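The values are calculated or read from the model by the stated rules, or taken from the named source; none is laboratory data. The model shown is predicted, which means the values in this text are computed figures rather than measured ones. Cβ coordinates were reconstructed from backbone atoms using ideal geometry, including for glycine residues, and neighbour counts include every protein chain displayed. These accessible areas exclude ligands, DNA and RNA; they are computed on the full protein's heavy atoms, side chains included. Shrake-Rupley method; radii C 1.70, N 1.55, O 1.52, S 1.80 Å.
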Amino acid sequence: MATDDYIANDSDFIKSTDKNPSNILPEKLTFDSKLQFACHPKVSCFTACCHNIKIILTPYDILVLRKRLNLPSHEFITQYTEPTYLEKTDMPGVQLKLVGEKNGCPFVTPEGCTIYSDRPSACRYYPVGMADFHEGGTNDAIEDKFFFLVKEQHCKGHEEPKHWIIREWRADQGVDLRDEMNKEWLRLVMRRKSFGLQATLSEAAKRMFFMASTDLDTFRKFIMESSFLDTYEIDEETISKIKEDDVELMLFSFKYLANTLFGVPGLTIKGEKIKKKVEEIKKQQDEAMLKAEKEYEELKAERDKMLKNRNVGVPEKDSES
């Protein structure tokens, strides 16, 4: 089962259409394109696509699953995921940790998915992949969204007599909500990807991205218990929302990451903090200037001393010579 199909304009899915056209049909589909597909326990390949796969979890996937399992963020991450990098970037994320001899999803059984109503976004998209073009991940880029069909040989769901249009399939799978929840996070990944390999994130930036993307409990503590609220201008309504509402906190984390990692407008540092920082920089510059002047004077004095010593004892030239 291909699972990263939602993301990039040059994703593995799009590239693989040339290498493996029997799996990825190289045809642009629209919301009104027709689809023949169904998946249920009576299909002979039932749950086969839940093994030997890579299921990247979005922040919203993590939020929903940990609530379903009644686990704190860090416990869910430790127990059910393993680290990965997102879309061939240096942005750290997590994927489901496969288990058992058959290397399967930890939530799948022979009877089916035990968390089906809360299953990850990647599982919902299959077999309809989506490409969402935003050049450089920017907010003002023209959106070019289209769909394509994943048709693997082992999957017998395509032989079922159920007919849809893409719009109906997506509504049935609950994809529209996931798209809305995942949109700004995926845009962060695309922004990073647009910089290419010549740019790298600092270790601190990677840690912040990982924390905000995977561990909302810790991110909330960072907001509420550090100097964050003293640094940024955050209105009381927003503070109230992110203090209690995990979805609001998650959406706020995307705004924060976009601002701190890529300079996207959205958060403003308090005027007094800027003034204080400017004063600190000016003080450092003044101290550096005084140090430089002192070093210059010392060097000049040393030079004058050397010249004086070199001239001591040198006889004056005979005026007649």
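Is it the case that Thr78 is of a type in the set (Val, Ile, Thr), open to solvent by less than 50 Å² (accessible area, probe 1.4 Å) and either over 18 Å from Leu177 (Cα atoms) or not in a helix (DSSP H, G or I) (or both)? If you could, list the steps in order and put the result at the bottom.
Numbers: of a type in the set (Val, Ile, Thr): yes; open to solvent by less than 50 Å² (accessible area, probe 1.4 Å): no; either over 18 Å from Leu177 (Cα atoms) or not in a helix (DSSP H, G or I) (or both): yes.
Against the criterion (of a type in the set (Val, Ile, Thr), open to solvent by less than 50 Å² (accessible area, probe 1.4 Å) and either over 18 Å from Leu177 (Cα atoms) or not in a helix (DSSP H, G or I) (or both)), Thr78 does not qualify.
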Quick one: in segment 54-75, of everything that is touching a strand residue (DSSP E or B) at 6+ places or on another chain (Cβ under 8 Å) and open to solvent by less than 30 Å² (accessible area, probe 1.4 Å), which residue is farthest from Leu249 (Cα to Cα)? Ile55
Would you say Glu302 is of a type outside the set (A, V, I, L, M), modelled with pLDDT of 70 or more, part of a helix (DSSP H, G or I) and open to solvent by 80 Å² or more (accessible area, probe 1.4 Å)? yes
Pick from Gln153, Gln95, Gln79: which is at pLDDT below 90 and of a type outside the set (D, E, K, R)? Gln153
Expected single match for open to solvent by 30 Å² or more (accessible area, probe 1.4 Å), closer than 27 Å to Arg124 by Cα, at pLDDT 95 or above and not small (Gly, Ala, Ser) among Lys193, Lys255 is Lys255
Among the residues of segment 83-98, is there at least one that is surrounded by fewer than 21 Cβ atoms within 10 Å (Cβ to Cβ), β-branched (Val, Ile, Thr) and in a strand (DSSP E or B)? yes
Within segment 178-194, which residues are farther than 15 Å from Glu248 by Cα and among the basic types (Lys, Arg)? Arg187, Arg191, Arg192, Lys193
